[in-house]
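Report on one structure; see the data block that follows.
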Amino acid sequence: METQEIISKINNFLIDEFELEESQLQPAASLKETLEIDSLDYVDLVVIIEKNFGFKVKGEDFAGIKTLQDFYDYIIKHAKSN
Amino acid sequence: MNRVVITGMGIYSTIGKNVEEVRQSLYIGRSGIGFDPYRKELGFRSGLTGILEMPNLKGEITRRQRVGMAEEADYAYVATAEALKQAKIDNDFLDKNDIGILYGNDSSGKAVCEAYDVLKDKKDTALLGSGAIFQSMNSTITMNLSTIFRLKGINLTISAACASGSHSIGMGYYFIKSGLQDIIICGGGQEINFHSMGSFDGLSAFSIRESEPQKASRPFDRDRDGLVPSGGAATVVLESYESAIRRGAPILAEVIGYGFSSNGDHISVPNVEGPAKSLEMALKDANVKSSDIDYINAHATATPVGDLNEAQAITKVFGLKTPYVSSTKSMTGHEMWMGGASEVIYSMLMMQDSFVAPNINFENPDEFSAKLNIAAKTIKNHKIDMFLSNSFGFGGTNSTLIVKKIK
């Protein structure tokens, strides 16, 4: 899967499933403060990532993911190696 | 002791998705029953069920608020939003006051089954998602609605089988009467899916008149052959009279009596003594005579034994001169955990518009129902100043409410 395709897929589920506005999806946006992803939302992200990219995220991996760009990078790395 | 009044009503049911739709259906005797062929594929003895589509809450409440809501919580949200609007309770008022919730619910079968299906397939609890736990618990309605409406008073679920909704109003009545709370959201919610009904179907308690779904639910009729499972949600806002006056809220009626009892007998077969005791206790609590009651909304679900015993209990308390009696389950099917609350709303609408909704499909009485004054057709221009509503459930739990018009 190409990088741009992965980013597009992430943006789509953030808009569809998490009801975020496209304009909010700035790479520097903080997942917690700006996008208001809370601890329960991370549980749902695990499910959505497995559905879309076929790999299971460990809860503790989220600790290092602060911004949307961090999130893109994490998914790109794991989706490509999967 | 405080007087307890009803200041708001809301409903989402098989005979209407709001109070006004339900009012029309009750008057014309419209049935909400249909046939679900998938139940037959699953090996159900009966494919009959109330038919109700899910409300679309996207755009109405946030994703975070929705993901933990089971089917019955969705129904309860719609009913409660309608009731709060009628009671003139807005977000600002909710934030500044301690409002409670006592809501009837006694299962969340679909959510439990669906979570197990995912677990079997994925073998990883992390893939169940964040909402599964909140959907699976019996208190799914109270935990979700208390969060959405930011409630700060008493907050718990009443599980009492098919009397859950009625007991929730009875409990709310006591909390307000005793001065512990000013306003409580009461009601009952019932999932309508096959997941929750298979085990009940297995008891052979459901009607199998599948060729005529709308004639299948026939409480008190000689040829009844069982109940039809149904569902939805119904909410009433209970409030102290003083609070309602202070706020300028609409006072729709007053709850004046609550009776309860437990049969202490068979787990599924009702008796006569327990329900009769509940009826007598409600009349005593309301300090009224049986002759003061203008209408009885019977529990009668259309099971052979249940209706027979309720008819005898009513006759035991009311004698051979009963007020008009009807079972609205003839139209709605058995709304179970919701029924005690929805049937208070159905009776309220009859009281407001001076009619008795028909006990449809009542064609021939049996020995005991012949002693009741059953309204087989809509009784027009019948003034109701006071009604009584019965609800009985598995385990022999009984609840009776008496409500009167405010003059």
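Please verify whether A:Tyr42 is aromatic (Phe, Trp, Tyr) and within 13 Å of chain B (Cβ to nearest Cβ), treating the condition exactly as stated.
On the way: aromatic (Phe, Trp, Tyr): yes; within 13 Å of chain B (Cβ to nearest Cβ): yes.
Yes; evaluated as a whole, the condition is true for this residue.
Can you tell me which of (1) surrounded by fewer than 24 Cβ atoms within 10 Å (Cβ to Cβ); (2) within 14 Å of chain A (Cβ to nearest Cβ) is the one B:Met69 doesn't meet?
(1)
So which residues in the range B:203-240 are in a loop (DSSP other than H, G, I, E, B) and basic (Lys, Arg), if there are any at all?
Within the range B:203-240, B:Arg209, B:Arg218, B:Arg222, B:Arg224 qualify.
Looking at (1) away from chain B (no Cβ under 14 Å); (2) within 11 Å of the chain's Cα centre (by Cα); (3) not hydrophobic (A, V, I, L, M, F, W, C), which one does A:Glu5 not meet, given that it meets all the others?
In the conditions (1) away from chain B (no Cβ under 14 Å); (2) within 11 Å of the chain's Cα centre (by Cα); (3) not hydrophobic (A, V, I, L, M, F, W, C), A:Glu5 misses (2) alone.
Identify the residue in the range B:41-59 that is of a type in the set (Gly, Ala, Ser) and at pLDDT 95 or above and, among all such residues, is surrounded by the fewest Cβ atoms within 10 Å (Cβ to Cβ).
So, considering only residues that are of a type in the set (Gly, Ala, Ser) and at pLDDT 95 or above, the one surrounded by the fewest Cβ atoms within 10 Å (Cβ to Cβ) is B:Gly43.
Just checking, which of A:Lys77, A:Lys9 is among the basic types (Lys, Arg), touching a residue at least 24 places away in the same chain (Cβ under 8 Å) and not in a loop (DSSP other than H, G, I, E, B)?
None of the other options fit; the residue is A:Lys9.
I'm trying to understand the selection: among the residues of the range B:142-170, which are surrounded by fewer than 24 Cβ atoms within 10 Å (Cβ to Cβ) and farther than 19 Å from B:Ile89 by Cα?
Listed by number, the residues that qualify are B:Met143, B:Leu156, B:Thr157, B:Ser159, B:Ala161.
Exactly one condition in (1) more than 23 Å from the chain's Cα centre (by Cα); (2) buried (at least 20 other Cβ atoms within 10 Å of the Cβ) is not met by B:Leu102; state its number.
(1)
I'm checking my understanding of the structure. Among residues of the range A:45-66 that are closer than 18 Å to A:Ala79 by Cβ and without any contact (Cβ under 8 Å) to a residue 12 or more places away in the chain, which one is farthest from the other protein chains (Cβ to nearest Cβ)?
A:Gly64
Going through the range B:282-302 one residue at a time, which ones are polar (S, T, N, Q) and either within 20 Å of B:His167 (Cα to Cα) or surrounded by 17 or more Cβ atoms within 10 Å (Cβ to Cβ) (or both)?
Scanning the range B:282-302 gives B:Asn287, B:Ser290, B:Asn297, B:Thr301.
Please go through the range B:175-230 and give me each residue that is closer than 30 Å to B:Val112 by Cβ and without any contact (Cβ under 8 Å) to a residue 24 or more places away in the chain, ordered by number.
The one that is closer than 30 Å to B:Val112 by Cβ and without any contact (Cβ under 8 Å) to a residue 24 or more places away in the chain: B:Ser199.
Only one of B:Ser262, B:Ser330 is modelled with pLDDT of 95 or more, surrounded by 24 or more Cβ atoms within 10 Å (Cβ to Cβ) and under 26 Å from B:Asn105 (Cα atoms); which? Show your work before the answer.
Numbers: B:Ser262 fails: surrounded by 24 or more Cβ atoms within 10 Å (Cβ to Cβ).
From the options B:Ser262, B:Ser330, the qualifying one is B:Ser330.
Looking at B:Tyr116, B:Tyr103, which is the one that is of a type in the set (Phe, Trp, Tyr), more than 14 Å from chain A (Cβ to nearest Cβ) and outside any helix (DSSP H, G or I)?
B:Tyr103
The values are calculated or read from the model by the stated rules, or taken from the named source; none is laboratory data. Keep in mind the model is a prediction, meaning the values are calculated, not measured. Methodologically, a virtual Cβ is constructed for each residue, glycine included, from the backbone with ideal geometry; neighbour enumeration extends over all protein chains shown.
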